[in-house]
Amino acid sequence: MVQHQVHGALVLLYCTIIWSAIGVLFSFGSRLFSRDWSLLRATLSHFFLMLAGFVPLATLAGWFPFHWTFYLQLIPEFAIVYLIIWVILYKREAKKVDHINQLLSHKK
């Protein structure tokens, strides 16, 4: 077996590019919720953007193996975790809105 030597600077450059792309992806994804879209449209757009963007970048970063069986398991797990986080954040924001509405109704 032939071993290849890769210069450390190239590895660092590769990692920096991948991590920067992940940062840009997350930044762009968060902007979807500031658009004048319905919550459903923004959530579904964000979900599919994260799935289609993060999984390939994580694979390129070496965090995920490149096996189709892994991806078949990953997609439902990703969806479940995403849904759990979304429900928690939705309920938290709904409480804030209710509190603000109560404050506004008492000022009248």
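Every number here is computed from the coordinates shown, using simple stated rules; none is lab data. Keep in mind it's a predicted model, so treat the numbers as computed, not measured. Virtual Cβ from ideal backbone geometry, glycine too; neighbours counted across all protein chains shown.
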Pair L39, A21: separation of 7 Å Cα→Cβ label points (nm): 3.4
Note to self: C-alpha centroids of region 66-108 and region 19-62 sit apart, in Å, by 15
Can you pull out the trypsin sites (Lys or Arg not before Pro) in region 1-75 whose DSSP state is coil and whose Cβ has at most 12 other Cβ atoms within 10 Å? R35
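How large is the dipole of the chain about the Cα centre if only Lys and Arg carry +1 and Asp and Glu carry -1, each at its Cβ, rounded to the nearest 20 debye?
620
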Give me the three principal axis extents of the chain from the C-alpha atoms, as integers in angstrom, largest value leading. 78, 32, 20
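Compute the FRET efficiency between M50 and K96 as 1/(1 + (r/R0)^6), taking r as their Cβ-Cβ distance and R0 = 22 Å, and round to the nearest 0.05.
Step by step, r from the Cβ atoms, then E = 0.40.
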Assertion target for T69, T43, ordered by fewest C-beta neighbours within 10 angstrom first, is T69, T43
